[in-house]
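The values are calculated or read from the model by the stated rules, or taken from the named source; none is laboratory data. The shown structure was predicted, so the numbers you read here are calculated from the model rather than taken from an experiment. Note that we place each Cβ from the backbone using ideal geometry, even for glycine, and neighbour counts take in every protein chain shown.
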Amino acid sequence: MHDTARLRVPRNEAIRPRRHLILYFLDKLLAAMQNARKIKESMSLMRISTFGAMIVLFAFGLMQPAQAAEPQVRLSKNGISYMTGGIGHEEVLEMRPHAKKFTLNLLFSEGDAGQSVTAVNVNIYNEQSELVFRLKGSKPVLYVNLPAGTYTILATNDGEKLRHKLTIEGNTNQKVILNWKNEQLDLMNNETGE
């Protein structure tokens, strides 16, 4: 499956709650259009039109269950291991078993309903205000393996910043939920009953 984080969707609050579903369908359509050309070339004897092949592939792609990629542990420039994911139920389930392996578990959400937030920029500073970890475009779940110490997290979502100070003791696991207020989203959820 393609990385949907590359697709830019306008910040229209009317479509934002369903952004992941829209991005999923756009990704499938793009893949189907790209594959349609290859199929047309290989099946030129059958004279399948690009449009017909695209519809067949698109329909087939929608019927297949989405497969989440196995989450990968990565290293920051400062040598700190981390893992990010959590777009969709499958990715959340894939990541859960890894949570206790990291000293910090961050969850990013917005509004009273706690809807997932993607593309969060995260900076973590130590007590001396030195940047020890930076990630641009984090997904809704971010696990970071920080050594013991006191840290300040600065997370930015769509230009709005949240700060959180915490202390990591030994190999303990801490969970922090950073939730941005979103009155428009809350109002829309109240109207739809979500």
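The condition (being at negative phi, more than 23 Å from the chain's Cα centre (by Cα) and either among the hydrophobic types (A, V, I, L, M, F, W, C) or part of a loop (DSSP other than H, G, I, E, B) (or both)) is satisfied by just one residue among LEU166, LEU162: LEU166.
Name the single residue, out of those in segment 113-142 being surrounded by 15 or more Cβ atoms within 10 Å (Cβ to Cβ) and of a type in the set (Lys, Arg), that is modelled with the highest pLDDT. Step by step, filter segment 113-142, then rank; the result is ARG134.
Of all residues in segment 144-154, those satisfying the criterion of being assigned to a strand (DSSP E or B) and more than 14 Å from THR84 (Cα to Cα) are GLY149, THR150, TYR151, THR152, ILE153, LEU154.
Reported count of residues in segment 70-84, each being surrounded by fewer than 11 Cβ atoms within 10 Å (Cβ to Cβ) and touching a residue at least 12 places away in the same chain (Cβ under 8 Å), is 2.
Given the residues ASN179, ASN145, ASN157, which is the only one that is surrounded by 15 or more Cβ atoms within 10 Å (Cβ to Cβ), of a type outside the set (D, E, K, R) and more than 22 Å from PRO71 (Cβ to Cβ)? Let's see the steps before the verdict.
On the way: ASN145 fails: more than 22 Å from PRO71 (Cβ to Cβ); ASN157 fails: more than 22 Å from PRO71 (Cβ to Cβ).
Exactly one residue qualifies, and that residue is ASN179.
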